[in-house]
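Trainee: Before I ask anything, here is the structure I am working with.
The values are calculated or read from the model by the stated rules, or taken from the named source; none is laboratory data. Note that this is a predicted model, so its numbers are computed, not measured. A quick note on method: Cβ atoms are made from the backbone with ideal geometry, for glycine too, and the neighbour counts reach across all protein chains shown.
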Amino acid sequence: MAKVEHLIDATSLEVMRETIEDARGNEVFFLARLDDRGIAHEIIPLARGHDSAVPALMQVAGQGDVVIHNHPSGCLDPSSPDIAVASELGNRGVGCYIVNNAVDAIYVVVEAFKKQQNQLLNTREIIGWLAREGIVARNLTGFEARREQLRMLAAICHAFNDSKLALIEAGTGTGKSLAYLPGTFLGGSQQAARRGFHQHDQPSRAAS
């Protein structure tokens, strides 16, 4: 059996022990991040249950995270519900551990997955595609490079590289479709990212 101190850092172990004690020894559901060594840290208690069950908040865990819960009985063998939850989490790249209340014994149901490193987009290269003499201009008759279109494309690339959302307002004639498509699809293919976009055109009103 693996040693708990080899899988969870010391600070997190203390947090878990105190949280379980505060929960009167009942089950607690924790979320943890992995450091560069693959050790769980930054532990966060997310849910508390009773002596034999706890809510499993699976939507908050992402690839490279670990979920941990305790078995107050001291028996670390996973139950059938434990295995079902671990299977779903494991298929999403999330590890799953079970500990006792003293958090000095651990059972690894699903090994932790190393977090994938996103490949950053080359913003300058991608912007060059829509520049005056870029690949789009050379292959699309009538294409005109537009400054606001390039600014929009740069903002999208930066959002992918910084793992942030981008909310962009651009006027009619900016060329929004060509601006968001290259960065969005290239970013989604190079990174483990969920991507989506929505475009809404506000109809212009004639001046009275």
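Trainee: Could you list, in sequence order, all residues of region 67-95 that are of a type outside the set (A, V, I, L, M, F, W, C), touching a helix residue (DSSP H, G or I) at 6+ places or on another chain (Cβ under 9 Å) and outside any loop (DSSP other than H, G, I, E, B)?
Mentor: H69, N70, E88, G95
Trainee: Now for a different question. Only one of A207, A193, A112 is closer than 30 Å to V67 by Cα, at pLDDT below 75 and assigned to a loop (DSSP other than H, G, I, E, B); which?
Mentor: Selected residue: A193, the only one of A207, A193, A112 that is closer than 30 Å to V67 by Cα, at pLDDT below 75 and assigned to a loop (DSSP other than H, G, I, E, B).
Trainee: Follow-up question, since we're still on this one. Within region 122-174, work out how many residues are without any contact (Cβ under 8 Å) to a residue 24 or more places away in the chain, part of a helix (DSSP H, G or I) and surrounded by fewer than 17 Cβ atoms within 10 Å (Cβ to Cβ).
Mentor: Number satisfying all stated conditions: 9.
Trainee: H41 - would you say it is more than 17 Å from N101 (Cβ to Cβ) and touching an Asp or Glu at 6+ places or on another chain (Cβ under 8 Å)?
Mentor: yes
Trainee: Could you grab me the full set of residues in region 15-59 that are exposed (fewer than 13 other Cβ atoms within 10 Å of the Cβ) and not in a loop (DSSP other than H, G, I, E, B)?
Mentor: E18, E21, D22, Q59
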